[in-house]
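Nothing in this text is a laboratory measurement; each read-out follows from the coordinates by a stated rule. Everything numeric here is computed off the predicted structure, so don't read it as measured data. So basically every Cβ, Gly included, is an ideal-geometry build from the backbone, and we count neighbours across all protein chains shown.
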Amino acid sequence: MRDVMTKKYESKIVEIGEEVELFAEESMLIIFNDTVPEALRMIGVIHEKSDLLGEVEVGDVLEISGESYDILFVGSKVNDTLKEIGHCTIVFNGEKTAELPGTMCVEKKPMPTLTMNSEIRIVKY
């Protein structure tokens, strides 16, 4: 059991775009907060606007719908876009690098089941 936890980001899913499944087939999840323009909602998992309480780093843990994933790579723009519009692209591929600066790579495990009001959290243990 992990003892001490620092919460860096926490929000609840409020909308699941109709094209999210297409990206899930590629082990990708695109998240945005609820301020995102309508044009991007169809591809994203939309969550309540929330503050980034600490910089996301390799070694932190992403939790979605009660499932935990070790964060293996954080692109150079992930923290900026999380602060601005709650956005990043999460890839469940186990890689430690990615080409796009807004990408976060996590453990290669089955993706979480997404439901309304499920929590998205990034924590450090």
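The label-point distance for residue 5 and residue 119, in a model that sets each label 7 Å from Cα toward Cβ, rounds to 0.5 nm.
Once the Cα gyration tensor of the range 1-46 is diagonalised, what are the square roots of 5 times its eigenvalues, in whole Å and ordered largest first, as equivalent ellipsoid semi-axes?
Working: eigenvalues 128, 44, 10 Å².
Taking √(5λ) for each Cα gyration eigenvalue gives 25, 15, 7 Å.
Computed from backbone phi, the HN-Hα couplings of the range 5-10 come to 10, 10, 7, 9, 7, 8 Hz, rounded to whole numbers (Karplus: 6.51 cos²θ - 1.76 cosθ + 1.60, θ = phi - 60°; Gly and Pro given as x). With the helix formula -39500 (n - 2.57) applied to DSSP H stretches of n ≥ 4, the chain reaches a computed 222 nm mean residue ellipticity of -3000 deg cm²/dmol. Subtracting the Cα-Cα distance of residue 109 and residue 39 from 0.36 nm times their residue separation leaves 22.2 nm of extension gain.
Rg/Rh for the chain: what does it come to with C-alpha atoms and Rh from Kirkwood? Don't jump to the answer; show the numbers that get you there.
Values: Rg = 13.1 Å, Rh = 14.2 Å.
Radius of gyration over Kirkwood radius for the chain works out to 0.92.
3J(HN,Hα) along the range 105-114: 9, 10, 3, 7, 9, x, 5, x, 7, 9 Hz, from the Karplus curve 6.51 cos²θ - 1.76 cosθ + 1.60 with θ = phi - 60°, whole Hz, x for Gly and Pro.
For residue 27 and residue 96, the difference between the fully extended length at 0.36 nm per residue and the C-alpha to C-alpha distance is 23.3 nm. With the simple spin-label model, which puts each label point 7 Å out from Cα in the Cβ direction, the residue 16 to residue 55 separation comes to 3.4 nm. Applying a threshold of 22 Å to the alpha-carbon distances of 83/108; 83/109; 77/109; 12/124; 12/96; 96/124 flags 83/108; 83/109; 77/109; 12/96 as lying beyond it.
Please report, in debye to the nearest 20, how large the charge dipole of the range 6-124 is about its Cα centre when each Lys and Arg carries +1 at its beta carbon and each Asp and Glu carries -1 there.
Values: 12 positive and 23 negative charges, 69 e Å.
The dipole of the range 6-124 has a size of about 340 debye.
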